[in-house]
1. Counting Lys and Arg as +1 and Asp and Glu as -1, what is the net charge of the other residues whose Cβ lies under 13 Å from the Cβ of His86?
2. Roll a 1.4 Å probe over the protein chains and send me the accessible area per residue for the range 318-365 in Å².
3. With all protein chains present and a 1.4 Å probe, how do Ile30, Ile248 order by accessible area, largest first?
4. Tell me, in nm to one decimal, what length is gained between Lys109 and Asp76 on full extension, where the rule is 0.36 nm per residue of separation less the Cα-Cα distance?
5. Probe radius 1.4 Å, ligands and nucleic acids ignored: give me the carbon and sulfur share of the accessible area of the range 104-170 as a rounded percent.
6. Among Asn304, Pro271, Gln342, flag the residue with its Cα farthest along the positive direction of the charge dipole of the range 257-356, charges on Cβ as +1 for Lys/Arg and -1 for Asp/Glu.
7. Could you work out the mean projected area of the convex hull around the alpha carbons of the range 64-397, in square nanometres to one decimal?
8. Might you work out the accessible area of Thr362 for me, using a 1.4 Å probe with all protein chains in place, and round it to the nearest 10 Å²?
Amino acid sequence: MASRVRRNLESRPQQLALTDDLLEEIFLRIACPADLARASAACVGFRRLITDRIFLRRYRSRHPPLLLGFLNIDVDKGFHAVEAPHPNAPAARAMANVSFDFLPPPSPKDWYISDVRDGLVLFRSSESIGGAVVVTGLVICDPSSLSRRYLLLPPVPVDQEGQGLQDFDAAFAPCEQEEDDGKLFRVISTMYYNEKIVVLVFDSASGSWTIGTSASWDPLSLSNELIPCPWAFLMGQCYAYGCFYWKIDEQNKLLKLDINRMEFSTVDLPPGHEEHDVVVVEAGEGMIGMFSNDPDAKFLNCYNGIRNKDQRGYEWQMRDVVPFPVDNVWISDAKQGCVFLQGDSKVQDSEGTTVYSLDIKTLKFDMLAEMSCHFRGHPYFGFPPSIYETRRFSSYTRLIQYVSSYNLHLCSKFSKISDSSVC
């Protein structure tokens with residue numbers, strides 16, 4: 001009897017051991033980051049694998065981040081986490097009390113959110129002195145890590161020829177490279193002067209600013225006696241496929257910056273877009289799309305942009321007309337395959353803001369949040385804090401050893417930049 005039992009046991013196929021490599025492949029196939037976070041809590045071994053930086057980079061490359069909430073452009077107004085019944089509410093709960101009171105002096109209320117991308121937030125601070133704008137700081141932090149750490153970028157070089165800076169923008173540009181401590185990033189700073197526009201690029205790999213390009217306002221059709229402040233006519237900066245776009249207010253044009261070739265150009269819009277709000281999006285397969293609406297209209301125009309034969313302009317093809325779900329709605333942003341819209345509303349007898357999303361592919365509207373305050377800001381996409389690697393800004397800090405002599409050398413080159421980049 002005993003020998004028969006032994007033979008039966010020996011004849012059974014042995015089960016393969018679940019090695020770390022096999023477990024990683026299983027975890028990579030968990031589609032929802034919130035479920036992955038729950039798996040990491042099952043045991044110490046699972047957590048070790050799931051929180052490994054290399055694994056998380058592989059996971060992020062295969063799965064889109066979650067919409068966790070909204071960041072008000074005014075830093076002291078904090079973070080608005082998505083709430084139930086939104087499916088991401090459990091994952092966002094850990095960030096519900098995120099604040100930015102740890103930002104450097106003078107105080108959090110002096111910082112404004114300039115851009116959000118890949119879970120990082122870019123803050124800007126400036127002041128006006130003698131009729132010119134002075135950039136007092138650019139700061140980056142990762143709120144989903146809950147680490148309360150930040151990276152202060154080196155001072156932004158300015159023109160030394162006596163032209164006062166009138167305004168500036170700062171935004172993230174995608175960076176596909178990675179290092180051992182995490183994903184690298186780039187910041188594009190657009191500096192607006194009376195006579196020209198200058199683009200500076202910060203690269204976390206080098207830890208320094210470089211000059212990208214420069215252009216006078218004349219070739220951009222933004223310099224005449226009717227436009228004393230050309231930069232004030234650039235509306236709603238947006239990014240798609242390696243290019244930044246600005247709608248030129250009161251004109252039927254977009255201003256385009258190709259950040260790979262570092263060239264400025266203008267793009268004609270369909271007739272009648274002089275007063276329209278516009279956002280340019282990635283429509284898939286390398287093709288851009290555009291959503292626009294007249295401020296008084298109750299619908300959204302959806303276009304596909306087809307490249308002209310010279311590859312510089314676009315032929316705009318009307319794709320659809322999408323009615324707004326309610327009145328008084330306007331375009332606010334575009335991220336992660338969605339256009340975000342906002343509308344005024346009443347929440348508990350107080351003036352508030354309702355945020356909607358429109359899926360770029362399906363053109364389906366969803367209501368995302370009702371806020372009991374007037375909101376201006378950005379949607380925040382990321383992964384649950386429980387599985388998110390802490391950004392090791394110390395590695396970037398080692399690279400950012402700002403040298404004053406280099407900055408002065410860089411500034412002295414501004415006047416020598418050719419305007420040949422304008423096409």
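1. For residues surrounding His86, the net value is -2.
2. Spelled out: the 1.4 Å probe surface of the range 318-365, per residue, equals 53 Å².
3. I get Ile30, Ile248, largest accessible area first.
4. Numbers: separation 33, 0.36 × 33 = 11.88 nm, distance 0.54 nm.
Taking 0.36 nm per residue and subtracting the Cα distance, the gain is 11.3 nm.
5. So the carbon and sulfur contribution to the accessible surface is 48 percent.
6. With unit charges placed on the Cβ atoms, the residue in question is Asn304.
7. Working: hull surface 72.3 nm².
Here the figure is 18.1 nm², rounded to one decimal.
8. Roll a 1.4 Å probe over it and Thr362 shows about 90 Å².
The values are calculated or read from the model by the stated rules, or taken from the named source; none is laboratory data. Keep in mind that this is a model prediction, so the values were computed, not measured. Ideal geometry is used to build each Cβ from the backbone, glycine not excepted, and the neighbour counts take in all protein chains shown. Calculation scope for accessible area: heavy atoms of the full protein, side chains included, ligands and nucleic acids excluded. Shrake-Rupley method; radii C 1.70, N 1.55, O 1.52, S 1.80 Å.
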